[in-house]
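A short write-up of the structure that comes next.
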Amino acid sequence: MHLVRNALPGSAGGPQAMTVPRTVRLLVCGNAERGDDGAALAAVAGLLPGLPPHLLAVLEVRRCEQLELEDLLDLPDGEACVIIDTAVGVPVGSVVTIPLCDLPERDAASPSLRSSHVLPIGQLVAIAQILREQAIDGSFVGLGGRSFGFGRALGRPVRSALPAFRSAIEAALIQAAAASANRTV
């Protein structure tokens, strides 16, 4: 019998850096009891069962009726974020995808893109980036809505746009997960 030391790759010299898929946090905003505001919830309910296993393995889904600063501040370093919500200022039934790093500037330049949150999402992203002292990587995927009253169902234009909304969300998740992070193991 022979004793072989450091026979496994990377066993000498301590921990090794390796490239692993990056975790993606999906923040699902909205309230199903407020008409079109429930579109993100409806889209995710139809999207998650069909996502590939490798994407589900790196996905953390959080429901947030209203996006809070803490949802962005507690993102671990290297984790991407995709925020989905219904928005006002986008044509009803239209889908937009905006990189999070562009959202604060776009929000300031075009105050027409709004959600039903106390602070616009672009302002929350800007504040979080300042407090974190780093940019937040990811996207905002929004669907234009019209009717946000309590007790209403999704409007016809929003219901009709759900397949396109799901496709845009999936594309944003794939793009966010495709970037990798070097981690020491």
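Bear in mind these aren't lab numbers, they're just calculated from the coordinates by the rules spelled out. Computed from a predicted model, the values in this text were never measured in an experiment.
Remarks
- Applying the Kirkwood pairwise sum to the alpha-carbon positions of segment 24-175 produces a hydrodynamic radius of 15.2 angstrom.
- Every Cα-Cα pair in segment 35-101 was counted, and those over 19 Å apart are 44% of them.
- Segment 24-175: relative contact order as a whole-number percent, Cα under 8 Å and 6+ apart: 36
- Close amide H contacts of residue 82 (hydrogens built in the peptide plane, cut-off under 5 Å, sequence separation of 5 or more or a different chain): 25, 26, 27, 139.
- Across segment 130-136, coupling constants 3J(HN,Hα) worked out from phi with the 6.51/-1.76/1.60 Karplus curve, θ = phi - 60°, read 5, 5, 7, 6, 6, 5, 9 Hz, and Gly and Pro carry x.
- Computed 3J(HN,Hα) for segment 161-171, one whole-Hz value per residue from the Karplus formula 6.51 cos²θ - 1.76 cosθ + 1.60 where θ = phi - 60°, is 8, 4, x, 5, 5, 4, 4, 5, 5, 4, 4, glycine and proline marked x.
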